[in-house]
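What follows is calculated from the coordinates using simple rules that are stated; it is not laboratory data. Small disclaimer: the values here were computed from a predicted structure and weren't measured. With ideal geometry, Cβ positions are generated from the backbone for all residues, glycine too; neighbour counts draw on all protein chains shown.
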Amino acid sequence: MFSVLKNLGWFFRREKKRYFIGLILLIIAGVLELLPPRLLGNAIDEIVSGSITATSLIKYISAIIAMLLIIYWITYIWMHKLFGGSNLVERLLRSRYMNRLMSMTPSFFERNRTGDLMARATNDIRAVSATVGFGMLTLCDSTIFLSVVLLAMGSLVSWKLTLAAVLPLPLIAVAMIFYGRAIHDRYSLAQDAFGDMNDQVLESVSGVRVIRAYVQERLDEQRFSDITEDVYRKNMAVARVDAFFEPTIRFCVGLSYIIGLTYGIYLVFRNQITLGDLVSFNMYLGMIVWPMFAIGELINIMQRGGASLERIDETLNSVPDVQDVAQPVEVASPSSIELKNVTFRYPTSTIDNLSGVSLSLSQGQTLGVVGRTGSGKSTLLKQLLHEYPSGSGELLISGVPIGNIALDRLHSWMGYVPQEQILFSKSVRQNIQFGLDNADDDTIMEAITAAAFQNDLGTLSEGLDTLVGERGVSLSGGQKQRVSLSRAFIANPDILILDDALSAVDARTEARIIENIRQERSGKTTLISTHRLSAIEHADIIVVLDNGHIIERGTHQELLGMNGWYREQYDRQQLENNLTNE
């Protein structure tokens, strides 16, 4: 049960001063709380014996008030320390969790659902933070404070009465062990179900247009209703066990009161204790009610925190598929790119997605990649991003194997525009500035002009300050592509990768963008995959892929002379263009 505290040992060692002060003051406050009942008992004994005076009564009242004020200020400090630690661990875990997500490769996100990752970043981290805050309070109160109260009851009143009153405590221990195991298992299932629900909501919101287009609203509502019902059932399973804690403790506390009161009256009549002692004892008995409740809360919180920390650690302990080597080779600039017999297979694939690919590209050259859908065009371009473990063969940049180059250095050379554009829920300006932080409007307009987006600015309600909505929902497909292109152009990367990034623009706009690329990127390397051959006619090298193999290569004119797939596709597209123009 306490393994969660062991696993959080790094945090307690880091914040040992905070927790030392907090726990010491918590214990001191607990000890001071024992004094008012004893003073009250003494006052009652003096009243019964008739020896009470106005002076002694004022002394008792003053002492009790003074104790309460001291306890008030001590309690403020220990609560600030303990619950401040709760907020601190939440911040640290979130930062570590986000940093880990940022370092993971695509294969990690293929294995883990977004909704579940979000559940771990929210509910699970909150459960762990409760463990180091409220959990430490219940741990101290259910052990040290309970022991101190029992010691005071035995030493200041009667050991016989104390032993009789604590007879029901073993029942609590047995019940808590049983309930704790059930809570851990059921809470893990409930958190998994919450992750499933998050995933469903994300899919429904992001795909709402498709859902409406296919009139699937009712079906999606039913699907969501089913998954929320599953979340409800699993949380109710937790609640059913959780609900046993308080009645069990109340029952045991009630037994303690009955035993304490019955046996205490018997001892008063036998003159073994005084009436003041019995009053003090009952006040002490009332003080152990919370520690006994704290036992239940402790087990509940520790089990929830343990289950949540296991889920969080599963992510934090994940290792990226691609990592920097111990001693990266320093490469000044990507003067050349060379693939030697590269064969690559995705982790989830059963066949080679690239097979025996060899090509060479010098700095300043343009590579065109064409082929059928699924032929491996995107896979070939993504080799330069080094997102997956390298396959066989060699991929060299400036003569250095790509695995020996630091990832940050490698990615600093790249400008990547994927097939599916990702825009952030910010303004057009902020999305473009993502490529060059704090770029001024003149620089932004140069990038926009290069992407042939300047004429579209007038159609946007607030120009550059227009919010694009989540994932660019307020823009058309062509506008999203050109904003993404502007973001890449403004970075002016050494290597620009356009992965079918012109598919949503018309032929005339495409021609303007290609011409701008040729003018603006003189001396820099560009790789373009496309289905529209007009986009790569100017390329220095064009390769045709089929099932991961290069089946044709050469310049535009050379490929036309081969009368192969490229020539067939070119003739078909020319015919389509002529028919469209007519």
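For q = 0.08 Å⁻¹, what log10 I(q)/I(0) does the stretch 336-581 give under the Debye formula with an equal point scatterer on each alpha carbon and no solvent?
Log10 I(q)/I(0), no solvent term: -0.31.
What nm value, rounded to one decimal, do you get for the distance between residue 573 and residue 102 when each label is placed 7 Å out toward the C-beta?
A separation of 3.9 nm, rounded to one decimal place.
Restricting things to alpha carbons, tell me how big the stretch 421-514 is in terms of Rg and Dmax, in Å.
When restricted to the Cα atoms of the stretch 421-514, Rg and Dmax are 12.0, 34 Å.
Given R₀ = 35 Å, FRET efficiency for residue 53-residue 155 by Cβ-Cβ distance, to 0.05?
0.80
I need the peptides 190-197, 296-303 ranked by packing, meaning the mean over residues of other C-beta atoms within 10 angstrom, with the highest value on top.
Packing order, densest peptide first, comes out as 296-303, 190-197.
Give the average over all directions of the projected area of the C-alpha convex hull of the stretch 34-146, one decimal, in nm².
10.0 nm²
Nearest 5 is fine: what % of DSSP beta bridges in the stretch 336-581 come out antiparallel, could you say?
Percent antiparallel among DSSP bridges in the stretch 336-581 is about 50.
Mean residue ellipticity at 222 nm from the helices of the chain, using -39,500 (n - 2.57) per DSSP H segment of n ≥ 4 over the full residue count, to the nearest 500 deg cm²/dmol?
Value at 222 nm, helices only, nearest 500: -20000 deg cm²/dmol.
Just report the Cα centroid separation between the stretch 64-132 and the stretch 272-350, whole Å.
When both Cα centres are located, 10 Å separates them.
Could you give the Stokes-Einstein D for the chain in µm² per second, using the C-alpha Kirkwood radius, 4 °C, 1.567 mPa s?
Estimated diffusion coefficient is 43 µm²/s.
Could you order peptides 322-332, 430-440 by the average number of other Cβ atoms within 10 Å of their residues, highest first?
430-440, 322-332
Output the antiparallel fraction of DSSP beta bridges having both residues in the chain, as a percent to the nearest 5.
Looking only at bridges with both residues in the chain, the antiparallel portion is about 50 percent.
Name the residues whose placed amide hydrogens come within less than 5 Å of the amide hydrogen of residue 466, ignoring near sequence neighbours (fewer than 5 apart) on the same chain.
Here the answer is 428, 429, since their amide H atoms fall under 5 Å of that of residue 466.
Which FRET efficiency value, to the nearest 0.05, is calculated for residue 271 and residue 92 with the Förster distance at 41 angstrom and r the Cβ-Cβ distance?
0.10
Using a 10 Å cut-off around each Cβ, can you sort 109, 11 from fewest to most neighbouring Cβ atoms?
So the ranking, lowest neighbour count to highest, is 109, 11.
Less than 18 Å apart at the alpha-carbon level, and either on another chain or at least 8 residues along: which aspartates and glutamates does that give for residue 524?
338, 446, 494, 499, 515, 537, 540
Which entries in 340/382; 382/480; 59/160; 377/426 show an alpha-carbon gap greater than 23 Å?
Correct reply: 59/160; 377/426.
Need one number: convex hull volume per residue for the stretch 3-316, Cα atoms only, in Å³.
Cα convex hull per residue, to the nearest whole number: 157 Å³.
So for the chain, averaging the separation of alpha carbon pairs under 8 Å that are six or more residues apart and normalising by length, what relative contact order in percent results?
15 percent
Can you say what percent of the DSSP beta bridges in the stretch 443-582, counting only those with both residues inside, are antiparallel? Round to 5.
Within the stretch 443-582, antiparallel bridges account for around 50 percent of the total.
If R0 is 60 Å, what FRET efficiency do you get for residue 226 and residue 63 from their C-beta distance, rounded to 0.05?
About 0.40, to the nearest 0.05.
Be a star and scan the stretch 1-40 for residues whose amide nitrogen sits under 17 Å from the point 7 Å along the Cα-to-Cβ vector of residue 76.
Residues passing the 17 Å test: 22, 25-26, 29.
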